[in-house]
Each structure stands twice: as C-alpha cells, then as structure tokens.
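K.L.:
Just passing along the structure, written as structure tokens.
Rule-based calculations on the coordinates, nothing more; no lab input. Every value quoted in this text rests on a predicted model; they were computed, and no experiment measured them. Note: ideal-geometry Cβ built from the backbone for every residue, glycine included; neighbour counts use all protein chains shown.
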Amino acid sequence: MSDTIFGKIVAGEIPAEFIYEDDHCVAINDIAPQAPVHVLVIPKKAIPRLADAEAHDQDLLGHLLLAAGNVARQLGVEDAFRLIINNGEGAGQTVFHLHLHIIAGREFAEGHMAG
Ligand code: AMP
C-alpha cells in the first residue's frame, strides 16, 4: 500500500535515505527534526494507526521496538532516547501510516510525557 507519503517512501516511489532497513521496516531522518536526533521507524506494512493494529500484527509491533533499539545503538544514543507514537489527529498524527519517532540528543525534562 502506498497511499501515504510513508507508503510511497517504503515502496521506493519517493526517494529517501534509509539509515536502517530490514525485511519489515525502514528508518529515515525526520524532515523537520524536533531534536538533534529525530528518526522515524516505519513498517513496510501500512497500518494507519497503532489503534488499527490487530492480533496478527503482534510480531511486527515487537519487531519495530527491537528495530528502534537497533537504530538507537547504531546512532550511539542507546543510553538516552525517547520513543513516541502519535495515534490520531487529536494526538498530532499527521501521516496515517504507523511510525515510531526516535528522539534523542537533547536533555529531557524529568517527567515529561511528550517529545
Ligand atoms: P506524526 O505527526 O507522528 O504523524 O509524524 C509525522 C512526521 O513525519 C513529522 O515529524 C514530519 O516532520 C515527518 N515527515 C513528513 N514527511 C516526511 C518526509 N517526506 N520525510 C521525512 N519525514 C517526514
């Protein structure tokens, strides 16, 4: 499925630099970084929102967390990064193809819930 910008990116229809890729996901730098490190981990399968994931997506969801850890290690930020999933317009989701934000490289205020 390539109906969103991320669908087109994972399908190779829009060029993007994959800083990580495996069978199930890719990682790219966010085009409008909110921190020195702001990477998106995007599954190749198009699931619009986390809330749309189903039981058969369990392995994929676990895989995305492992991939995020791998990418964090690859970037040398494994000791301090934050993982964010915006679910739904009301939470700020703008691209309706599930993705994880890896945010790092700046100090996090203690107790903050968001990036
Ligand atoms: P969200 O608000 O969680 O849906 O996040 C969408 C993110 O995708 C935003 O942080 C955008 O800056 C980012 N973004 C949108 N288009 C692109 C693109 N072509 N390449 C990289 N990042 C993008």
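K.L.:
Tally Lys/Arg at +1 and Asp/Glu at -1 over every other residue whose Cβ is under 15 Å from the Cβ of ASP30; what's the total?
P.N.:
Around ASP30, the surrounding residues sum to +1.
K.L.:
Between LEU60 and GLN74, with labels modelled 7 Å along Cα→Cβ, what's the label distance in nm to one decimal, could you check?
P.N.:
Those two pseudo-labels are separated by 2.0 nm.
K.L.:
Where does region 4-57 land on Rg/Rh, using Cα atoms and the Kirkwood Rh?
P.N.:
Rounded to two decimals, Rg over Rh is 0.98.
K.L.:
For CYS25, what residues show an amide H to amide H distance below 5 Å, using hydrogens built from the backbone and excluding near sequence neighbours?
P.N.:
LYS44
K.L.:
Give me a comma-separated list of calculated 3J(HN,Hα) values for region 24-30, in order, Karplus coefficients 6.51, -1.76, 1.60 applied at θ = phi - 60°, integers in Hz, x for any Gly or Pro.
P.N.:
10, 7, 10, 10, 9, 6, 5
K.L.:
Could you give the alpha-carbon Rg of the chain over 2.2 N^0.38 Å, rounded to two decimals?
P.N.:
My calculation over the Cα atoms of the chain gives 1.02.
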